[in-house]
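Peer 1: Handing you this structure, nothing more for now.
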Amino acid sequence: MQELSDVIKNIKRFRYTELVGIHCHIGSQILSPEPFINASKKVIEAIQIFRKNGFGISAINLGGGFGIPYEPIEKPLNFKPIIDCYKKLKDKYNVEIFLEPGRFFVANAGYILTRVIDKKQRNHLPIYMIDAGMTENPRPALYNAYHHIEPLFEINGRRFKIRVTGPLCENADEFGVFNLPELNIGDYLLIHNSGAYTRTMASTYNGRPLCAEYLIDSRLRLIRKKQPLRRLIEDE
């Protein structure tokens with residue numbers, strides 16, 4: 001807040017610029033309501049300071065960062081305290097509120113369907129190599145993100161700790177260690193919570209075409225075809 005006095009001085013220098021709103025973004029993948037509530041208090045302070053200096057703040061963008069439970073042990077974000085807080089802020093200060101919920105809306109609406117293409121053993125730990133990798137979902141390779149993986153069809157029986165890797169010749173091309181049943185080459189797996197930061201971050205690295213996408217509503221619909229090899233070569 002100490003920096004706002006300098007910000008106000010700079011804004012007043014621009015004769016043809018009108019300040020109407022404030023933007024706030026506190027982080028990503030947050031699963032507790034407290035940080036959002038605390039951030040809104042700081043935004044209220046900023047609104048009061050700007051209005052005292054003659055700026056008619058009419059809108060605030062409280063950003064995103066609303067997390068989703070990637071791991072089975074994680075609990076969903078309790079949104080009710082956040083909504084109650086934002087509603088009070090809106091009513092008391094007469095501002096329009098904007099949010100950037102992105103991941104919160106779409107992450108759990110998408111899955112990557114993949115097949116086991118090879119089985120190995122390394123350091124006494126079984127490895128399942130699948131045909132999806134860091135080109136389809138780079139999050140685990142980039143920042144060790146967790147995406148839960150389960151067989152497409154329920155398989156009864158004992159489960160084992162199994163390392164799941166992608167098919168690329170990169171040490172980082174792996175998804176982690178999961179408790180999985182014994183699978184055969186050709187069996188299908190689902191990579192969960194793949195609706196956000198997957199296709200938008202996908203690449204054609206190592207000459208791998210972008211995969212097809214399907215939408216399931218009342219029926220199965222192809223909404224994006226697999227990238228043809230010819231198109232891949234043309235774009236090189």
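Peer 1: Tell me which residues, restricted to the stretch 192-226, are touching an Asp or Glu at 6+ places or on another chain (Cβ under 8 Å) and either outside any loop (DSSP other than H, G, I, E, B) or of a type in the set (F, W, Y) (or both).
Peer 2: R199, L222, I223, R224
Peer 1: So, one more: Can you name the residue in the stretch 1-31 that is touching a residue at least 12 places away in the same chain (Cβ under 8 Å) and polar (S, T, N, Q) and is also farthest from I57 (Cα to Cα) among such residues?
Peer 2: Filtering first and then ranking leaves Q29.
Peer 1: At least 1 residues that are at positive phi and assigned by TED's automatic domain parsing to the domain that holds Y205 in each: list the strands (runs of 3 or more DSSP E) lying fully within the stretch 122-183 that qualify.
Peer 2: By residue number, 174-181.
Peer 1: Look at L77 and say whether it is out of contact with any His (no Cβ under 7 Å at 6 or more places or on another chain), surrounded by 11 or more Cβ atoms within 10 Å (Cβ to Cβ) and farther than 30 Å from R163 by Cα.
Peer 2: No.
Peer 1: Could we say that I82 is surrounded by 16 or more Cβ atoms within 10 Å (Cβ to Cβ), of a type in the set (A, V, I, L, M) and modelled with pLDDT of 95 or more here?
Peer 2: The answer is yes for I82.
Peer 1: Suppose we keep only residues that are within 30 Å of L77 (Cα to Cα) and touching a Phe, Trp or Tyr at 6+ places or on another chain (Cβ under 9 Å) within the stretch 1-27. Which one would you say is surrounded by the most Cβ atoms within 10 Å (Cβ to Cβ)?
Peer 2: The qualifying residue surrounded by the most Cβ atoms within 10 Å (Cβ to Cβ) is I22.
Peer 1: Are there any pairs with C-beta distances below 6 angstrom linking a residue in the stretch 67-93 that is at negative phi to a residue that is hydrophobic (A, V, I, L, M, F, W, C) and part of a loop (DSSP other than H, G, I, E, B), with the two at least 6 apart or on different chains, and if so which?
Peer 2: Within 6 Å, the pairs are G67/L31; G67/L77; L77/L31.
Peer 1: Sticking with this structure for a sec: Among the residues of the stretch 227-236, write down those that are under 11 Å from G207 (Cβ atoms) and in a helix (DSSP H, G or I).
Peer 2: Result: L229, L232, I233.
Peer 1: Here's another thing I want to ask about it. Only one of I117, I97, I127, I149 is buried (at least 19 other Cβ atoms within 10 Å of the Cβ) and modelled with pLDDT of 95 or more. Can you tell me which?
Peer 2: Residue meeting the stated conditions: I149.
Peer 1: Further, regarding this structure: Determine if the stretch 87-99 includes at least one residue that is within 25 Å of the chain's Cα centre (by Cα) and of a type in the set (D, E, K, R).
Peer 2: The answer is no, given that none of the residues of the stretch 87-99 is within 25 Å of the chain's Cα centre (by Cα) and of a type in the set (D, E, K, R).
The values are calculated or read from the model by the stated rules, or taken from the named source; none is laboratory data. Everything numeric here is computed off the predicted structure, so don't read it as measured data. Here Cβ is always computed from backbone atoms with ideal geometry, including for glycine, and neighbour counts include all displayed protein chains.
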